[in-house]
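One structure below.
The values are calculated or read from the model by the stated rules, or taken from the named source; none is laboratory data. All of these numbers come straight from a predicted model, not from anything done at the bench. Every residue, glycine among them, receives a Cβ derived from its backbone with ideal geometry; neighbour counts consider all protein chains shown. Accessible surface is based on the protein model in full, side chains and every heavy atom, while ligands, DNA and RNA are left aside. Shrake-Rupley method; radii C 1.70, N 1.55, O 1.52, S 1.80 Å.
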Amino acid sequence: MSNPALVLRGIRKSYYGNVVLQGVDLEVRAGEIHALVGENGAGKSTLMNILFGMPVIHETGGFEGTIELGGTPVVPATPSDAMAHGVGMVHQEFMLLPGFTVAENIKLAREPSKPNVASRVLGPWGRGLESLDLKRMKQESRAALDRIGMSLDEWRPVAGLPVGHMQFVEIAREVDKENARLLVFDEPTAVLTESEAEELLATMKALAGQGIAILFITHRLDEVLAVADRITVLRDGAVAGRVDRADATVEKIAELMIGRALPERNLPPRPEGRTPGVALHLQNLVVEMPGEEVRGVDLDVQEGEILGVAGLAGQGKLGIANGVLGLFPATGTVETSGSPLPLGDTLGVLKRSVAFVSEDRRQVGLLLDESIETNIAGTAAHVQGRFLKGSGPFALLDKSAIRAHAERMIEEFDIRCQGPTQAVRRLSGGNQQKVCLARAFTLEPSLLFVSEPTRGVDVGAKDRVLQLLVQVNRERGTTIVLTSSELAELRQVSDRIAVVSEGRIQGILPPDAPDVEFGLLFAGGTAAGRGGDAVPQDSVSARLDGDAVGRRDPGEGS
Amino acid sequence: MRRAPSARGLLGQNLVPLLFAALCIAGIVAARDAIALEILAGDIVTRLGRNLFLVLSLIVPVVAGMGLNFGIVIGAMCGQVGLILVENAGWSGLGALGAAMLFSIPLSLVFGGLTGRLLNRAKGKEMITGMILAFFANGVYQMIFLLLTGPVIPLHNQKILLDDGIGLANTIDLAGTAGKLDHLLRISFLGGRIQFPLATFLLIALLCLGLRWYLRTRSGQQLRTVGQDMHVAEISGIGVDRVRMRAILISTVLGGIGQILWLTSTGMGTMNTYSSHEQVGPYAIAAILVGGATVTHATIWHAILGTLLFHTLFVVAPLAGQAVFGAVQIGEYFREFVAYAVIGVTLALHAWKSRRG
Amino acid sequence: MNALALLKRLGLTRTVLAAFLLGLWVLSATASSLDMTILISDCLVRTGMNGILVLALVPAVRAGVGLNFGLPLGMVCGLIGMVTVMDLAGRTMPLELGQAYGMGLQFGLLVSAMVLGALLGMIAGWLYSRLLEAVKGQEMMVGIYVGFGSVAGASILWLLFPAKNPELIWPLGGVGLRNTLVLDGYFQHLLDRFGSFTFGNGFFPTGVLVLWVLACAVLWLFFRTRIGAALAAAGANPRFAAASGIDVRSMRSLGVVLSTALAAIGIVVFSQSYGFVQLYKAPLLMAFPTVAALLIGGASVRNAKISHVLIGTFLFQSVLTTSLPLVNDLIAQHGGAKALANVPEIARLIISNGIILYALTRKES
């Protein structure tokens, strides 16, 4: 039972000089369920991409270190290479063809076949022309389904199956592979109902009992404690710790996940004499943003504060700002400074002195092929009718006023460029981000939403971006809702930090709260003190909706 | 292997063929004085034998998820080149017909291969790319046969050249090959008013069986997999580009043979060197869509039913136009409008459905 | 390296075609018996004739709908405008054989045809934009068939058109409108000749070129207004536009409506230059060379500027206008097969479809 199915040694990987894995060791024994946990960006996806030989790894210069599968050193060059060595993956999003039957899906691209006249005549080239052996397809699919305890009709089309069953079809496919040695489950319970999730965990145990090694990636610590034999915690591309189940508690794992030195807070003081009030009031906000659903958020943001919003990817923290701005369908009550804000009417929201810097800088934040000046002034011209000669829809843009304003912003924000007419596409990530901020500041908002302002921004510019936010907060009294995946930067500048998980705010902490408290909230609201014994009730309804959609992007570290 | 369809679903899925059947019946009733039913039936049997092979050649790319193959025109050009080569050699008879088909195959493979490469670069825009490619290829075809044939590409048979020896004649008489297959095993009904070209239909039946068989081989299953989801296929270790290329090659080769059958069918026998291929794509596509096919789903039965209905409408529309409005042209423009409309509506429905996911 | 950078700046297709045109002109001036002044005059007329049609593509591209292959829809509207105006004129004040309407009346007829066509174009364009909204992602393919369908549908209309003006209908018992309506006496060459002056044996078609440049300037200004900038933002990045409070659907609609209305005006201008109104199948394939001209000017599926219209129309139309008489003249002088007379047509097919293929398959970031 104890011989290792998978051994990773000293795995190092960097994308364009940016180190994402710095020497990871990992060992998974046959028949063991090994949990791999960590924050976004800790390196889990990159590690899996390496294990699966995904093209993104080889296109960016490969990796260092060794991989052994069943005792044989392997360098997986392609996904099919990895599969040939007995590695299987149960994907977070289903790799199923709805138009095919269950059996066809289980046997996808591995269909049993028998020779016929044409294939015999062509000899070695005729394999593709062999007829499908439907009988064997049926039998072998049945056997695989039986092995995981599913009584599903193998000739049913997959379209119309309940989500939980689809997951089992995927597992059956992996189990059916003759040499299945190691199965990777990537956040498998994200889309399941609670009873389905329990069923899945039971199946994982049964499979492990049959001698298959299981690598279980999840952020649900209660599930980890329920099934994992051993737990490896990744943080910042390195192994932060390894725990046996016997020694594991939710607090311990959470602390290992977060554990960073508290950044230095060196912030300018606020001017005296501001009257406190509520700048933004959210009540039962629900936002249908695919992959970032918000499932009922209640929140009050104080006037003049910087509120940090933290949470893992896919938990809904990004949905809040997008919902308030009306970019995705939303319901609930939103009030700014006491008066209700219309939902779904972006123009109306912007006119109410609210501005937004999107997390998706290239797709939403900028017109990449337009000039810096157009990017900075365009929104103000459209929303507020500024930088125009005259009024009405056919008022001409005042090019000289726009130019003057852009030049001032370029200097104030230290945007490194050739001039205000340069296309934004040519700028570095940090300077593009400054253009986004410049556009938002041009609107002179009293409430500013900023999401992921330092993503893809180099270190020097990162500090400058945060500094600009603090500056506008202190000088103009702008209320800022700062959403970020980087807890460290939130702790650096925020007054309070709200942690979002499962589409809800699990708690609001001061920036200097202990790591373990953050870790617990990140892991789904098993709030401090309650221990790791229960999944909170509200996460059950959260699971019913089935959310993990549209995330095909490999390489979280890039 | 499919769920039992509900009555309403069945109606919805077959709305287009039902609508067309109604149009055809209305047309037949309107034109009842202008054409006898058995003459009409005979005409349609001939047209079915003429066109069905070509329509069937569209199925494989649809299954592979590449949509309606507007590039089929390129296969048709290759078929015409096969006939030109046979005419140049001065051969005639059934053997010449077979030779033309054989000659067309390597050409179809070469030009189908180029088409496939281009379409692999234009994933998601296969149809419009195929259509413009067909226009473009038409230019190249004209350059070769109008300018280069004679001086650069010498021909043995001066009769098929233009008077001054440069360029192929605008029309080429296919007397040597026309009707040869149709006449091979002909069965007469109703005192000869319906002539059933058995050999032609046997060839078509062979193609149908071949297609059915192929789609149930490993290679065919790969085609279906790619057609449903390229991403999943790629992850499962299927070479998506190779499979798509295979689909276009099959379609182009069949299109070439189909064009030869079309041109040498009873009642045709003349090739318009520079225009016979042009309308092939749109009409074949309209035919299969009339049968109920869509951008993502096409079967042999769609092809058969569609060809039948489309040609019925084609024959009766002008007669009905004459009978109802006193103007043949109204019927002619109407059938043209219908052909465009059925393609346009199908494309629009496809885009609409795929947007709603 | 520098030469390459320069070439990239100038645009490969533009440079190649400009060099080709120059070559054709040099050949015409030296080796042929063609009159260069007439040749250049013809090039200018053809440019002005097609200019507004090419311009009509720009609003759709800028609104993010792609190349508007549905242009024939607008053209049909323009044709309806002209036919209606001609019929009304013929009914109320019939022309004797060889007579012509007065200048003022001719202008009146031309402008009425444009206005009527543009109004119809706006309505049709609005409906068309509803359809395109439903088929997002397949706009170009659906557009092609909207174009084809509208031409075939209009053909039925021409057959049933209740015209009374004898110049529009077949003289002896035929059904419907004639294939080709002669504009002589109505507004044939009205714009071409307006303010024109001669040079050598040719003339400079001032009116039509001024109108074209004016239309270009108006559109150029439009993109510098608040609403024009919003339309361009909606096309360049719909998600950005939505986040800036722009109603993306309306902006896309506006682009299609403008494009269709401009196509209606464009076909009226085209017809007055051509001297005839061509009905039935004539507009069927007209979108393709029009799109090709814009692409030759340097546009792409996602970006089109007014300068692309100006350069593209002139280059493409001039190459076509020059090559045909040149080839014929060379054959006549030096002998050669009749088939060679097809060279310009073949070149047009290959160039125009080749450039569209290139635009469709090139990778845009």
message: Looking for something open to solvent by 10 Å² or more (accessible area, probe 1.4 Å), within 18 Å of the chain's Cα centre (by Cα) and free of Cβ contacts under 8 Å to residues at least 60 places away in the same chain - is there at least one such residue anywhere in the stretch C:355-362?
response: no
query: Could we say that A:L325 is under 17 Å from C:D247 (Cα atoms), within 14 Å of another protein chain (Cβ to nearest Cβ) and either of a type in the set (K, R) or in contact (Cβ under 8 Å) with a residue 12 or more places away in the chain (or both) here?
result: yes
field: For C:I306: the one exception among (1) open to solvent by less than 10 Å² (accessible area, probe 1.4 Å); (2) of a type outside the set (S, T, Y); (3) within 25 Å of C:I40 (Cβ to Cβ); (4) touching a residue at least 40 places away in the same chain (Cβ under 8 Å)
entry: (1)
query: Within the stretch A:336-374, can you find the residues that are within 12 Å of chain C (Cβ to nearest Cβ), in contact with an Asp or Glu (Cβ under 9 Å, 6 or more places away or on another chain), small (G, A, S) and in a loop (DSSP other than H, G, I, E, B)?
result: A:S358
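Among the listed residues B:G258, B:G269, identify the single one that is of a type outside the set (S, T, Y), touching a residue at least 24 places away in the same chain (Cβ under 8 Å) and at negative phi. Even if it seems obvious, please write down each step before you answer.
Values: B:G269 fails: at negative phi.
Only one candidate passes the filter, namely B:G258.
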- line: With criteria (1) under 24 Å from the mean Cα position of the chain (by Cα); (2) in contact (Cβ under 8 Å) with a residue 60 or more places away in the chain, C:F161 comes up short on (1)
query: If C:S259 passes every condition in (1) open to solvent by 40 Å² or more (accessible area, probe 1.4 Å); (2) more than 11 Å from chain A (Cβ to nearest Cβ) but one, which one does it miss?
result: (1)
- line: Every listed condition ((1) open to solvent by less than 10 Å² (accessible area, probe 1.4 Å); (2) away from every other protein chain (no Cβ under 11 Å); (3) more than 24 Å from A:N473 (Cα to Cα)) holds for A:A395 save (2)
message: Looking only at the stretch C:168-189, how many residues end up being open to solvent by less than 70 Å² (accessible area, probe 1.4 Å), in a loop (DSSP other than H, G, I, E, B) and more than 14 Å from chain B (Cβ to nearest Cβ)?
response: 7
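Which residues, counting only those in the stretch C:309-349, are within 9 Å of chain B (Cβ to nearest Cβ) and open to solvent by less than 40 Å² (accessible area, probe 1.4 Å)? Give the steps one after another, and end with the answer.
Quick first cut of the stretch C:309-349, residues within 9 Å of chain B (Cβ to nearest Cβ) only: C:336-340, C:342-343, C:345-349.
Within the stretch C:309-349, C:A337, C:A339, C:I346, C:A347, C:L349 meet the criteria.
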field: Failed item, numbered, when B:I166 is tested on (1) at the interface with chain C (Cβ under 10 Å from one of its Cβ atoms); (2) part of a helix (DSSP H, G or I)
entry: (2)
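To keep it simple, each residue is scored yes or no on (1) touching a helix residue (DSSP H, G or I) at 6+ places or on another chain (Cβ under 6 Å); (2) among the charged types (D, E, K, R); (3) over 21 Å from B:A233 (Cβ atoms).
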| site | (1), (2), (3) |
| --- | --- |
| A:E27 | no, yes, yes |
| A:N40 | no, no, yes |
| A:S45 | no, no, yes |
| A:F52 | yes, no, no |
| A:T60 | no, no, yes |
| A:A77 | no, no, no |
| A:A82 | no, no, no |
| A:G99 | yes, no, no |
| A:N105 | yes, no, no |
field: Unmet requirement for A:S119, which otherwise passes all of (1) touching a helix residue (DSSP H, G or I) at 6+ places or on another chain (Cβ under 6 Å); (2) modelled with pLDDT under 85; (3) within 30 Å of A:P162 (Cα to Cα)
entry: (3)
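Can you tell which of C:V327, C:V268 is at pLDDT 95 or above and part of a helix (DSSP H, G or I)?
Details: C:V327 fails: at pLDDT 95 or above.
Within the list C:V327, C:V268, the selection yields C:V268.
Among the listed residues C:K164, C:K136, identify the single one that is part of a loop (DSSP other than H, G, I, E, B), more than 15 Å from C:V76 (Cβ to Cβ) and facing chain B (nearest Cβ under 7 Å). Don't jump to the end; show me each part of the working.
On the way: C:K164 fails: facing chain B (nearest Cβ under 7 Å).
Only one candidate qualifies: C:K136.
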- prompt: Any residue at all in the stretch C:107-127 that is without any contact (Cβ under 8 Å) to a residue 24 or more places away in the chain, in a helix (DSSP H, G or I) and within 29 Å of B:I132 (Cβ to Cβ)?
  reply: yes
- request: Being part of a helix (DSSP H, G or I), touching a residue at least 24 places away in the same chain (Cβ under 8 Å) and over 30 Å from C:M93 (Cα atoms) is the filter here, so list the residues in the stretch C:190-212 that pass it.
  value: C:L209, C:W212
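When only residues in the stretch B:117-163 that are more than 12 Å from C:N353 (Cα to Cα), without any contact (Cβ under 8 Å) to a residue 60 or more places away in the chain and polar (S, T, N, Q) count, which is nearest to the other protein chains (Cβ to nearest Cβ)? Show your work before the answer.
Residues of the stretch B:117-163 more than 12 Å from C:N353 (Cα to Cα): B:117-127, B:141-163.
After this cut, where a residue has to be without any contact (Cβ under 8 Å) to a residue 60 or more places away in the chain as well, the list is B:118, B:121-122, B:124-125, B:143-144, B:147-154, B:158-159, B:161-163.
Add one more test, that the residue is polar (S, T, N, Q), and what stays is B:149, B:158.
Values: B:T149: 9, B:Q158: 14 Å.
This residue is B:T149.
Does the stretch A:207-219 contain any residue that is open to solvent by less than 10 Å² (accessible area, probe 1.4 Å), modelled with pLDDT of 85 or more and touching a Phe, Trp or Tyr at 6+ places or on another chain (Cβ under 6 Å)? Don't jump to the end; show me each part of the working.
Quick first cut of the stretch A:207-219, residues open to solvent by less than 10 Å² (accessible area, probe 1.4 Å) only: A:207-208, A:212-218.
Next, only the ones that are modelled with pLDDT of 85 or more stay: A:207-208, A:212-217.
Checking which are touching a Phe, Trp or Tyr at 6+ places or on another chain (Cβ under 6 Å) leaves us with A:216.
The answer is yes; a qualifying residue exists.
Does the stretch B:79-91 contain at least one residue that is in a loop (DSSP other than H, G, I, E, B) and touching a residue at least 12 places away in the same chain (Cβ under 8 Å)?
Yes, the stretch B:79-91 has at least one match.
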- request: Within the stretch A:302-332, track down each residue that is closer than 17 Å to A:M289 by Cα and open to solvent by 50 Å² or more (accessible area, probe 1.4 Å).
  value: A:F328, A:P329, A:T331
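Across the stretch B:304-357, what is the total count of residues that are part of a helix (DSSP H, G or I) and more than 23 Å from the chain's Cα centre (by Cα)?
16
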query: Can you find a residue in the stretch B:92-113 that is surrounded by 14 or more Cβ atoms within 10 Å (Cβ to Cβ) and part of a loop (DSSP other than H, G, I, E, B)?
result: yes
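Of all the residues that make up the stretch B:175-223, how many are more than 14 Å from every other protein chain (Cβ to nearest Cβ) and either open to solvent by less than 50 Å² (accessible area, probe 1.4 Å) or among the small types (G, A, S) (or both)? Lay out the reasoning, then the answer.
Our first condition is that a residue be more than 14 Å from every other protein chain (Cβ to nearest Cβ); within the stretch B:175-223, this holds for B:175-205, B:207-208.
This time we only want the ones that are either open to solvent by less than 50 Å² (accessible area, probe 1.4 Å) or among the small types (G, A, S) (or both), so: B:175-179, B:181-182, B:188, B:191-192, B:194, B:197, B:199-201, B:204-205, B:207-208.
Looking only at that region, the number is 19.
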Filter result for A:L97 (more than 28 Å from A:L161 (Cα to Cα), crowded, with 21+ Cβ neighbours inside 10 Å and modelled with pLDDT of 85 or more): no
